[in-house]
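Structure first, commentary second.
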Amino acid sequence: MRQPMQYFSLGLLALFMGVGISIGTSQEQGSQQPTNAPSPTPNPDDEERIRIFTEEVVLPIVAYDSSGHFDPTITPDDVLVLEDGIAQQVKSARRIPLNVVLLIDMGSILPFTQHLDVTRQIVTRVLSKLRSGDRVLLIQFANRAEVLQDWTDETVNVLKALDPEHGKLLSSSRSRTSEGIRATVNKLAGKEPGSIHLVFITDGDDPPGSNYTADVNQLLRYQPTVHVLSYTTMVSQETRKRRGGLFFDRAMKRFYKEYDNEVKASQRRLTAFADSVGGRIFLPTSEEEAFRQGDELAGEIAATCVLTYTPKRAIEASDTTKPRHIEVFPRRAGLRVLALRTMVTAVPPLVRQN
């Protein structure tokens, strides 16, 4: 079942969590001084400008009208944003073109864990809700990662790439999550803060790899909105059924027991991942529930807009260990809002490479 949104600070991942913060410093560069000239007296104002980070928090939210559809009329005055209980002055509220990454797990030790037909239908639901100007990237991973469809606004290309007859779907007994995350990071340069949505669909039956934490930290620098749909509950249910069957082979019974333990551990890890980035995780117990949750996920992406505000208490680099909690409330009758981020901390600025 879907886990409720709440506030989290879960170790290393949470320390790097951000909410679309654009961070920079203001430094004045003076002209070169003669060698024998006396050193100028430091100006306290200049020191303050160098020390203090300037930032704008970009907060993705879901905005529904009374009919449950995206409300395009939302304005800054329609919402109340609290940061650690302190009301913030919202500067803007608007919908921006979205960049949606579909990250599909194609590795599986056992064939019954993959649910490829369900994944294809969920992807179709997400694509059907997107609007003009939204762009999609499709990445699959197993023992390696591959971009099936680069950034495009032609959804038919994404569906074609995911069709088995297309002949490019990976098949492997391994699911190297780190490879998929790294491939995602490599395609996010230059994307607008608040515009990135990562839809991660997995059966979660394999350890993520030794570089997992480092790869996740790189991903968090781009501050994506994360939606995880995991088949782990469905897989665990099926595994228990098979384990309870008539096996004369003790090794097979032991295999299913160990496999079930690995799947449960993966579900805990995926839940911690989603929680630590302020994201959502969906854990369907059946294919029918997976379709319903896929519709909900797709609807949330379609109804996304972004709020911006400058925090009343400045965020500095030292704040990486002090996550602030965010709440969003409607001020207008008939408006329903849901924050897709629940925490904000300082995030080191990205180093752009030419």
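Could you tell me whether Asp84 is surrounded by fewer than 16 Cβ atoms within 10 Å (Cβ to Cβ) and out of contact with any Leu (no Cβ under 9 Å at 6 or more places or on another chain)?
Here the answer is yes, as Asp84 does meet what is asked.
In the range 164-213, which residue that is among the hydroxyl-bearing types (Ser, Thr, Tyr) and either crowded, with 19+ Cβ neighbours inside 10 Å or closer than 26 Å to Gly299 by Cα (or both) is farthest from the chain's Cα centre (by Cα)? Reasoning before the result, please.
Within the range 164-213, the first condition is being among the hydroxyl-bearing types (Ser, Thr, Tyr), and the residues that meet it are 171-173, 175, 177-178, 184, 195, 202, 210, 212-213.
From the residues that got through so far, the ones that are either crowded, with 19+ Cβ neighbours inside 10 Å or closer than 26 Å to Gly299 by Cα (or both) too are 175, 177-178, 184, 195, 202.
Numbers: Ser175: 19, Thr177: 14, Ser178: 14, Thr184: 11, Ser195: 11, Thr202: 14 Å.
Looking at residues that are among the hydroxyl-bearing types (Ser, Thr, Tyr) and either crowded, with 19+ Cβ neighbours inside 10 Å or closer than 26 Å to Gly299 by Cα (or both), I get Ser175.
Just wondering, is there one or more residues in the range 230-252 that are within 18 Å of the chain's Cα centre (by Cα), crowded, with 20+ Cβ neighbours inside 10 Å and under 24 Å from Asp117 (Cβ atoms)?
Within the range 230-252, one or more residues are within 18 Å of the chain's Cα centre (by Cα), crowded, with 20+ Cβ neighbours inside 10 Å and under 24 Å from Asp117 (Cβ atoms).
So if I check each of Arg182, Arg174, which one is in contact with an Asp or Glu (Cβ under 8 Å, 6 or more places away or on another chain), under 25 Å from Asn143 (Cα atoms), in a helix (DSSP H, G or I) and of a type in the set (Lys, Arg)?
Arg182
So Thr239 clears everything in (1) at pLDDT 90 or above; (2) assigned to a helix (DSSP H, G or I); (3) of a type in the set (S, T, N, Q); (4) more than 26 Å from Ala63 (Cβ to Cβ) except one condition, right? Which one?
Looking at each condition in turn, Thr239 falls short on (1).
So Gly279 fits all but one of (1) crowded, with 20+ Cβ neighbours inside 10 Å; (2) within 30 Å of Thr73 (Cα to Cα); (3) small (Gly, Ala, Ser); (4) modelled with pLDDT of 85 or more; what number is the exception?
(4)
Which of the following residues is hydrophobic (A, V, I, L, M, F, W, C), touching a helix residue (DSSP H, G or I) at 6+ places or on another chain (Cβ under 9 Å), touching a residue at least 24 places away in the same chain (Cβ under 8 Å) and surrounded by fewer than 17 Cβ atoms within 10 Å (Cβ to Cβ): Ala272, Ala302?
Only one candidate passes the filter, namely Ala272.
So that you can scan it fast, the table gives a plain yes or no per residue for (1) touching a residue at least 40 places away in the same chain (Cβ under 8 Å); (2) polar (S, T, N, Q); (3) in contact with a Leu (Cβ under 9 Å, 6 or more places away or on another chain):
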position	(1), (2), (3)
Glu192	yes, no, no
Val199	yes, no, yes
Ser210	no, yes, no
His227	yes, no, yes
Met234	yes, no, yes
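So is Gly133 at pLDDT 90 or above and assigned to a loop (DSSP other than H, G, I, E, B) or not?
Values: at pLDDT 90 or above: yes; assigned to a loop (DSSP other than H, G, I, E, B): yes.
Yes.
The values are calculated or read from the model by the stated rules, or taken from the named source; none is laboratory data. All figures in this text were calculated on a predicted structure; none of them were measured in a lab. FYI the Cβ positions are ideal-geometry reconstructions off the backbone, even for glycines, and counts take in every protein chain you see.
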